[in-house]
Amino acid sequence: MDTSIYKEMKEIEKHHWWFTARREIVEETISKLDIEPGARILDVGCGTGGNLDMLNRVGVVTGIEMNSLAADLATKSSNATIKIGSLPNNLPLDNDETFDLIVALDVIEHIEQDLESLVAVSRHMGESGKIVITVPAFQFLWGHHDEIHHHKRRYRKSDLEKLASEAGLKIRKLSYYNFFLFPLAAALRLYEKLVPPSPDKSTIAPPSGWLNKIFHSVFASERHLLNTMNFPFGVSLLMVLEKN
């Protein structure tokens, strides 16, 4: 992503409804994985560090980020160890270094070699290690946001099933999410196709305070339902993997 986007993200990811609700959903998902206190955690593509405080509540976190500015911002705002590296072939880890939990939150859609990237991080799973992945869903939702964030693709559930199978991993949880706001997102993407936004228009600026709170409440409420069910569609996908 462009440097200007990293700076913008750092400013708003603490308060924007999408970031705050996704953190709550991921934290709830992790809480069901029986991760031991003090677990070793790897945040691949940690960006400016928006998820590091949440992960620090679970264990000891190492972050990997390819952009030096983002890595610097993450280092200054957290107690995590941040290393410069990238997927799939430049992970700054020892060959025998393993983790109890690896997260890649909206990361692999940025990488052409998504399978190779998943295989690369899976080599660093502990014996009972888990991988938590989130990605954007449905190619027909492709829009301005995907363009300026340099996404390579959006996914369907079947795409992730194939990806996990080819990587030799077992799916523990796979569901669409951001289900309740899906009609609004679909309508917005349709509007963008009819009335294209200006190329430099931000897609992550938060809405007004009251609307931001409403969106957060609606989106974050899905964390309770995801414990017992899988949504049939949504703006994004959540997958939990373990060793076969």
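The values are calculated or read from the model by the stated rules, or taken from the named source; none is laboratory data. Worth saying up front: this structure is predicted, and the values here are computed from it rather than measured. Glycine gets a Cβ as well: all are built from the backbone with ideal geometry, and neighbour counts include every protein chain shown. Keep in mind that these areas ignore ligands, DNA and RNA; they rest on the heavy atoms of the full protein, side chains included. Shrake-Rupley method; radii C 1.70, N 1.55, O 1.52, S 1.80 Å.
Descriptive notes on the structure:
- Check on Pro92, part of a loop (DSSP other than H, G, I, E, B) and surrounded by fewer than 15 Cβ atoms within 10 Å (Cβ to Cβ): yes
- Residue within segment 119-137 that is within 14 Å of Arg189 (Cβ to Cβ) and either in contact (Cβ under 8 Å) with a residue 24 or more places away in the chain or out of contact with any Lys or Arg (no Cβ under 6 Å at 6 or more places or on another chain) (or both) present: yes
- The one condition in (1) open to solvent by less than 30 Å² (accessible area, probe 1.4 Å); (2) closer than 15 Å to Val240 by Cα; (3) under 14 Å from the mean Cα position of the chain (by Cα) that Glu27 fails to fulfil: (1)
- Residue within segment 128-139 that is open to solvent by 80 Å² or more (accessible area, probe 1.4 Å), aromatic (Phe, Trp, Tyr) and either closer than 23 Å to Lys32 by Cα or out of contact with any helix residue (DSSP H, G or I) (no Cβ under 6 Å at 6 or more places or on another chain) (or both) present: no
- Among the residues making up segment 86-105, a single one is among the acidic types (Asp, Glu) and in contact (Cβ under 8 Å) with a residue 60 or more places away in the chain: Asp100.
- Members of segment 120-146 found to be part of a helix (DSSP H, G or I), more than 22 Å from Val26 (Cβ to Cβ) and out of contact with any Pro (no Cβ under 8 Å at 6 or more places or on another chain), listed by number: Gln139, Phe140
- Segment 203-244, residues that are under 19 Å from Phe179 (Cα atoms), open to solvent by 40 Å² or more (accessible area, probe 1.4 Å) and touching a strand residue (DSSP E or B) at 6+ places or on another chain (Cβ under 6 Å): Asn230, Phe233
- Output for segment 43-87, where each listed residue is among the acidic types (Asp, Glu), under 22 Å from Ile25 (Cα atoms) and touching a strand residue (DSSP E or B) at 6+ places or on another chain (Cβ under 8 Å): Asp43
- Screening Lys7 against (1) crowded, with 18+ Cβ neighbours inside 10 Å; (2) touching a residue at least 60 places away in the same chain (Cβ under 8 Å); (3) of a type in the set (D, E, K, R); (4) assigned to a helix (DSSP H, G or I) leaves a single unmet condition, (1).
- Being open to solvent by 40 Å² or more (accessible area, probe 1.4 Å) and within 12 Å of Asp43 (Cα to Cα) holds for only one residue in Asp106, Asp100, and it is Asp100.
- Filtering segment 216-244 to residues that are at pLDDT 95 or above and under 19 Å from Glu166 (Cβ atoms) leaves Leu237, Met239, Val240, Leu241, Glu242, Lys243.
- Flag for Leu194 being aliphatic (A, V, I, L, M) and surrounded by 12 or more Cβ atoms within 10 Å (Cβ to Cβ): no
- Only a single criterion out of (1) open to solvent by 70 Å² or more (accessible area, probe 1.4 Å); (2) modelled with pLDDT of 95 or more is not satisfied by Glu36, namely (2).
- Matching option when the condition is open to solvent by 70 Å² or more (accessible area, probe 1.4 Å), free of Cβ contacts under 8 Å to residues at least 24 places away in the same chain and of a type in the set (Lys, Arg), among Lys83, Lys170, Lys162, Lys152: Lys162
- Filtered residue count, segment 62-76, keeping only those that are more than 27 Å from Lys32 (Cα to Cα) and open to solvent by 10 Å² or more (accessible area, probe 1.4 Å): 8
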